[in-house]
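Notes follow once the structure below has been shown.
Quick note: the coordinates plus some simple rules give every number you see, no bench work behind them. In this text, all values refer to a predicted model and were calculated from it rather than measured experimentally. In this analysis, Cβ positions are derived from the backbone assuming ideal geometry, glycine residues included, and neighbour counts consider all displayed protein chains.
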Amino acid sequence: MSSIEAYNTTGGCACGAIRYELTRKPIVVHCCHCTYCQRETGSAFAFNIALECESLTLIPTSGSSTTMEPLQTPTPTWRGQSKEQIMNRCSKCLSVGVLEPNIHIFTSTKQPWVMLPEAAVVYEESYPREEVWSKETMERWENAKSRHKAQTEGVEKER
Ligand SMILES: [Zn+2]
Ligand SMILES: [Zn+2]
C-alpha cells in the first residue's frame with residue numbers, strides 16, 4: 001500500500017476567475033501571522049502552501065472553456081525576495097482559496113483577537129523544518145525543490 005493517501009480537492013479565488021484541482025495533499029500549509037502577510041493581504045494572516053507543481057491543475061471556470069493563469073510573484077521576506085517560493089494569485093482579486101493549515105508561524109505578531117485552536121501547532125517565528133516535518137514531508141520538499149531548480153535552470157539556458 002502506498003503511504004500517499006488518496007487526495008482530491010478543488011478550490012478557487014474569490015472572484016471565480018481561477019479554479020484549481022489538487023490531486024495530492026499539500027506538502028505543508030502554513031498559516032502565517034507575520035506583518036508582511038498581514039500587509040500583503042489586508043487581513044490578519046495568510047495561508048502559504050507548499051506543493052508539488054504537478055499536483056495542481058488549473059481548471060476552466062463554469063461558463064468558460066479556458067483557464068486563467070495566476071499572477072506569479074516571488075515571496076517578499078525579511079531577506080529580500082525569495083526565488084524559491086513563488087506566490088500564485090488571481091490577478092483580478094488577489095486571493096487564492098483556503099486550505100486547512102498544519103502550522104501557524106510568526107505568531108509573535110499575531111493579531112490579539114485571532115484565537116488559535118488548542119491543538120494547533122504554533123511557532124512564534126519560523127521553525128526548523130527538519131525537526132518538525134516528517135521524513136516523508138522532507139523528502140517531498142527536497143524532491144519538489146530539485147525538480148523546480150532543474151526546470152528553472154533549463155529555462156535560463158534556453159534564453
Ligand atoms: Zn479572482
Ligand atoms: Zn508571513
Where labels lie 7 Å past Cα in the beta-carbon direction, separation of Ser146 and Ala14 in nm: 4.1
Local electrostatic count, Thr107, Cβ distance below 9 Å [Lys/Arg +1, Asp/Glu -1]: -1
Provide the per-residue ³J(HN,Hα) series for segment 138-149, in order, calculated from phi with Karplus coefficients 6.51, -1.76, 1.60 and θ = phi - 60°, each as a whole number of Hz, with x at glycine and proline positions. 4, 5, 4, 4, 5, 4, 4, 5, 6, 5, 5, 5
Could you order peptides 22-29, 107-114 by the average number of other Cβ atoms within 10 Å of their residues, highest first? 22-29, 107-114
Can you tell me the order of 12-21, 118-127 when each peptide is scored by its average per-residue count of other Cβ atoms within 10 angstrom, highest first? 12-21, 118-127
Can you order the peptides 56-64, 128-136 by their average number of other Cβ atoms within 10 Å per residue, highest first? 56-64, 128-136
What list of ³J(HN,Hα) couplings, whole Hz, do you get for segment 51-66 from phi and the Karplus terms 6.51, -1.76, 1.60, once you set θ to phi - 60° and write x for glycine and proline? 8, 6, 3, 5, 7, 10, 10, 7, 10, x, 7, 4, x, 9, 9, 10
Gain upon complete extension [Glu139, Cys53; 0.36 nm per residue less C-alpha separation]: 29.4 nm
Under the 7 Å Cα-to-Cβ spin-label approximation, Thr66 and Gln111 lie apart by a distance in nanometres of 3.7
Report the label-to-label distance for Ala44 and Val122 in nanometres (one decimal), using points 7 Å from each Cα along the Cα→Cβ vector. 1.2
Taking Cα atoms only, Rg over Rh for segment 9-158 with Rh from the Kirkwood formula is 0.96
